[in-house]
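Asks: Structure provided below as structure tokens; questions to follow.
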């Protein structure tokens, strides 16, 4: 799946694309405005990528301290660009894995 296909699914579907990982499902729900569902999914993935998604979600929520904790767990620097840029970066990385 490409980034464009993933983005298109946000307008053409009521559910995440079939076969995508829980983290991509989380980012899909986040983009659809369901932060709580996104957060629940991200919490269930105990990997560095899961921590990165978790960090992004807390950054979006406005909880910089909690986001910082999750960026450290992900072994990543705090993202300084826009939320959309970070969302795109994470989705692109996860689609490549």
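The values are calculated or read from the model by the stated rules, or taken from the named source; none is laboratory data. Only a predicted model underlies this, so the values are computations on that prediction, with no experimental measurement involved. FYI the Cβ positions are ideal-geometry reconstructions off the backbone, even for glycines, and counts take in every protein chain you see.
Asks: Can you name the residue in region 72-84 that is within 22 Å of residue 33 (Cα to Cα) and surrounded by 11 or more Cβ atoms within 10 Å (Cβ to Cβ) and, of all such residues, is nearest to the chain's Cα centre (by Cα)?
Replies: Within region 72-84, the subset within 22 Å of residue 33 (Cα to Cα) is 79-84.
Subset that is surrounded by 11 or more Cβ atoms within 10 Å (Cβ to Cβ): 79, 83.
On the way: 79: 13, 83: 10 Å.
Per the stated criteria, the residue is 83.
Asks: Still on this structure, please answer the following. Tell me, please, whether a residue that is out of contact with any helix residue (DSSP H, G or I) (no Cβ under 9 Å at 6 or more places or on another chain), in a helix (DSSP H, G or I) and surrounded by 12 or more Cβ atoms within 10 Å (Cβ to Cβ) can be found in region 20-33. Working first, answer last.
Replies: Going residue by residue through region 20-33, those that are out of contact with any helix residue (DSSP H, G or I) (no Cβ under 9 Å at 6 or more places or on another chain) are 33.
Among the residues that remain, those that are also in a helix (DSSP H, G or I) are: none.
No, region 20-33 has no match at all.
Asks: Restricting attention to region 9-32, which residues are modelled with pLDDT of 95 or more and more than 12 Å from residue 91 (Cβ to Cβ)?
Replies: Listed by number, the residues that qualify are 22, 29, 32.
Asks: Go through region 41-66 and report how many residues are within 13 Å of residue 26 (Cα to Cα) and part of a loop (DSSP other than H, G, I, E, B).
Replies: Count: 2.
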